[in-house]
Structures are given as C-alpha cells and as structure tokens.
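To keep things clear, I will list the structure first and then write my remarks on it.
The values are calculated or read from the model by the stated rules, or taken from the named source; none is laboratory data. Just so it is clear, the model here is predicted, and its values are computed rather than measured. Using ideal geometry, Cβ is built from the backbone for each residue, glycine included, and neighbour counts are taken over all protein chains shown. Please note that ligands, DNA and RNA were not included when accessible areas were found on the heavy atoms of the full protein model with its side chains. Shrake-Rupley method; radii C 1.70, N 1.55, O 1.52, S 1.80 Å.
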Amino acid sequence: MAAGPRVLGIVLAGGEGKRLMPLTADRAKPAVPFGGVYRLIDFVLSNLVNGGITRIAVLTQYKSHSLDRHISTTWRLTSLQGDYVTPVPAQQRLGPRWFLGSADAIYQSLNLIHDEQPDHVVVFGADHVYRMDPRQMLRKHIAGGAGVTVAGIKVPRDQASSFGVINTEQGSDRVREFLEKPEDPPVLAGDPDHVFASMGNYVFSTDVLLDALRRDAEDEDSVHDMGGSILPLLTERGQAQVYDFDENEVPGERERDHAYWRDVGTLDAYYDAHMDLISPEPLFNLYNRAWPIFTNQAQLPPAKFVAGGIASESMVSTGSIIAGQVTGSVLAPGVVVEEGAVVQGAVLLPGVRVGRGAVVRQSILDKNVVVPEGATVGVNSEHDAEYCTVSAEGIVALGKGQHVRL
C-alpha cells in the first residue's frame with residue numbers, strides 16, 4: 001500500500017480469555033493453538049499482511065510470554081520498506097497502571113501512532129477465526145468519509161447479548177446506535193430473527209481516533225473500551241458507519257466459506273470451530289492458497305500411521321504417530337495415539353499422548369496431556385466433572401500438563 005494512504009495496524013491482544021479456561025490458564029487467549037498448527041493470533045495477522053497492511057503493533061498484557069515469542073519468531077517481515085509486526089506490552093507510559101480497557105490500551109500507546117503518522121488506523125481484535133480483505137473495508141471507510149467504520153456481521157438475535165450491536169439508519173450505512181451487549185437488541189429491517197453485530201474490527205481516520213481517545217481518557221465514568229466507549233461516542237457525533245462483512249470477497253474463497261467468522265471465546269465455540277474444519281467441504285477452508293494463513297511450524301517429520309492405525313474425517317499434523325483409531329478430530333503436531341486407543345470428536349493440542357486402550361471423546365486436551373493406558377476422557381460425565389472443566393454443551397477440557405485420573 002506504499003502508493004496509497006499510510007495505514008497503521010493495531011491488534012488488540014491483551015484480553016484474559018477467562019471463558020476459555022483452562023486453555024488460557026498459562027497463556028494469553030490469542031496464543032491459544034488452533035487448527036493443529038496455528039495460533040489464534042495468526043488469523044488476524046494473516047488477514048492484515050495479505051491485505052497489504054504491513055506495519056502492525058500487537059498490544060499485549062496478560063500472560064504474554066508465549067504470544068510475544070510466537071510473534072517475534074514467526075512474524076518477521078522485510079525491513080527494507082519499514083515493514084514490521086511487533087508485540088507491544090503494557091508500558092505504563094502514563095503512570096503506574098495497566099491497561100484499563102481496549103481504548104486505554106491504545107491511548108497508552110499513542111507514541112506508536114505519533115511515530116508512524118498514518119492517515120488511517122486499522123484496529124482489529126486478535127482472537128477470531130476468519131478471512132477478511134481489510135483493503136475493501138478501508139476503501140469503504142475512505143469513500144464514506146466517516147470517522148470510524150466498524151465491521152458488522154449478521155448473528156441470531158438470541159446471541160446479541162454477547163456482542164456490540166449496530167443499529168443503522170434506514171437505507172443507510174450510518175450508525176444510529178451502538179449498543180454494547182444489549183438484552184433487547186434492535187433487529188434488522190425485514191429480518192426480526194437477526195441483528196447486526198460488531199466483529200470488533202474498526203478503521204479510523206487518525207485525527208478522529210486521537211480526539212476520541214483523549215476525550216475518553218478525561219471521562220472518569222468511562223469504561224475505556226472501544227465498543228463500550230469510543231464507538232458510542234463517535235456514533236453520537238454522527239461519525240460512525242458500518243461495513244457489512246458479507247460484502248467482503250477474499251481471493252480463493254468458496255461459496256461455502258464466504259463470510260465465515262467465529263468468535264472462539266468459549267470452549268464450545270472453540271470446539272465447534274474445529275469441527276468446522278474437518279468435513280470434505282469444510283465451513284472454513286484452511287486450504288485456500290490464494291489467501292494463506294501464515295504460521296511457524298516446527299521441523300518435524302510427516303505424520304505416521306502404524307500397527308493398523310487409522311484416521312478418518314480428521315486433520316493430523318506433522319510429527320504425529322497413530323496406532324489407534326481417530327475419527328472426527330483435529331490433532332496438533334507431535335500427538336501420539338497408541339494401539340487400541342480410540343479418539344472421537346477430539347481436539348488434541350501439541351504433544352498429547354493417548355495410551356494403549358484409552359478412549360477420548362468430545363474433548364479438548366491441552367499441550368502435553370497424557371491419557372494413561374485404559375483411561376477414559378469424555379466417557380463418564382460424573383468422573384470427568386471431578387477434575388475436568390466441562391462446558392455448557394458437555395465438552396470436556398484438560399489444561400496444559402494436567403493429569404488424567406483413572
């Protein structure tokens with residue numbers, strides 16, 4: 001985008017991710033592995049870099065070591081044109097305090113904007129699974145003359161309390177109301193079953209963003225949040241417009257995965273998003289080479305199937321050894337499934353070992369979990385509830401290095 005407007009990308013990666021416990025017990029939510037070989041942060045960074053936005057600051061805060069390391073070792077862009085992806089921890093530039101919210105995180109990092117002097121600032125969340133061409137949203141922002149453009153997606157009305165909801169003026173893209181997690185949300189015109197939800201992705205004109213952040217910082221009653229504070233402020237001024245994510249067309253996409261977006265903020269959503277990957281015609285296609293998802297993969301040998309081991313309707317990563325039976329599952333690098341073991345509908349993160357004759361069903365096992373010989377996970381709900389995390393939909397989760405009880 002060297003010939004066009006100057007654009008700075010800011011990725012908000014400082015959330016605790018409490019609803020995704022135990023996967024976030026030892027790491028930041030954007031660092032949680034996904035899809036076998038990726039981390040959640042890889043999806044937003046791939047979208048920005050594929051879309052030509054190559055000067056990116058990732059604002060981090062909680063348990064950020066693995067996230068910082070992943071960014072530093074994976075996201076190395078060419079420095080010849082000043083391109084970079086850099087993690088930026090909370091620096092307490094404005095006093096001895098951490099970030100008070102997503103808006104305060106940017107306000108405390110205004111030096112990034114002053115140094116880069118961009119015409120526009122793209123502010124995206126760090127923990128959603130999707131493909132998006134940000135150039136199309138940027139063009140809409142510039143053409144509309146708005147101070148901020150927020151990406152919106154249609155979601156069922158009964159899910160509105162989990163999102164910021166956008167109410168537009170009839171026949172216009174101008175935002176009339178921005179309501180953070182409302183109990184009684186406004187529905188779409190002609191569609192009483194759906195609302196327009198914010199994806200947490202914004203494009204700002206720089207001067208508008210700076211002014212809004214300063215005003216918000218002076219408001220002692222503010223929650224200092226992008227969705228809860230900045231968007232309502234700019235909406236009241238008539239400076240906010242919406243960009244319909246359904247209009248976004250990504251190179252190489254298919255009709256089935258057009259406008260796919262998942263907020264994987266809960267164990268159930270995280271699990272369901274993995275199940276979206278493994279059908280012959282997946283809801284989200286990781287094999288789109290025209291818009292790749294970039295990551296850093298360990299130097300491991302190919303997956304190996306021995307002793308009659310088999311995997312069907314599954315994704316099996318490098319370094320894995322399968323001697324048992326795997327169906328409907330996603331296996332990260334270095335997973336071992338021993339003889340006689342059965343893995344059904346599971347998400348196994350790096351280094352998991354399922355012992356001989358063990359059974360794992362509808363479960364998420366974090367890094368290096370060992371299932372002993374003959375043990376079960378996801379089979380006996382009463383037994384699992386004694387030491388596992390069990391989601392609302394019955395998905396069983398074990399944290400990093402957690403022991404399986406016989």
Q: Quick one: among Tyr243, Tyr84, Tyr202, which has the greatest mean-square fluctuation in a GNM of the chain with alpha-carbon springs under 10 angstrom?
A: Tyr84
Q | Pairwise FRET efficiency - Ala307 versus Glu218, Cβ, R0 = 41 Å, nearest 0.05 | A | 0.05
Q | Karplus (6.51, -1.76, 1.60) ³J(HN,Hα), θ = phi - 60°, over segment 373-381, in Hz, Gly and Pro reported as x | A | 3, x, 7, 10, 9, x, 10, 10, 5
Q) Could you give the dipole magnitude of the chain about its Cα centre, charging the beta-carbon of Lys and Arg +1 and that of Asp and Glu -1, in debye to the nearest 20? A) 1420
Q | Probe 1.4 Å, protein heavy atoms only - accessible area per residue of the chain in square angstrom | A | 43
Q) Can you tell me the Rg and the Dmax, both Å, for the Cα atoms in segment 283-406? A) 14.5, 47
(Q) Given points 7 Å out from each Cα along the Cα-Cβ axis, report the Glu393 to Asp191 separation in nanometres with one decimal. (A) 2.1
Q. How would you order 70-81, 182-193, 340-351 from highest to lowest mean count of nearby Cβ atoms within 10 Å?
A. 340-351, 70-81, 182-193
Q) When the Cα centres of segment 300-340 and segment 353-375 are compared, how far apart do they sit, in Å? A) 13
Q: Determine, for each peptide in 326-335, 140-149, the mean count of other beta carbons within 10 angstrom over its residues, then list the peptides with the highest first.
A: 326-335, 140-149
Q. What is the Cα coordinate range of segment 181-332 on the first, second and third principal axes, sorted by size from largest, in whole angstrom?
A. 67, 40, 31
Q) How much of the accessible area of segment 258-406, probe 1.4 Å, is carbon plus sulfur, in whole percent? A) 50
Q | At most 12 other Cβ within 10 Å, DSSP loop - GluC sites (Glu not before Pro), segment 357-406 | A | Glu386, Glu393
Q) Around Ile10, what is the net charge, scoring Lys/Arg as +1 and Asp/Glu as -1 over all other residues with Cβ under 11 Å from its Cβ? A) 0
Q) Where the centroid of each part is defined by its Cα atoms, how far is segment 7-53 from segment 112-151 in Å? A) 17
Q: Set the Förster radius R0 to 60 Å, insert the Cβ-Cβ distance between Arg356 and Asp115 as r into 1/(1 + (r/R0)^6), and round the FRET efficiency to 0.05.
A: 0.55
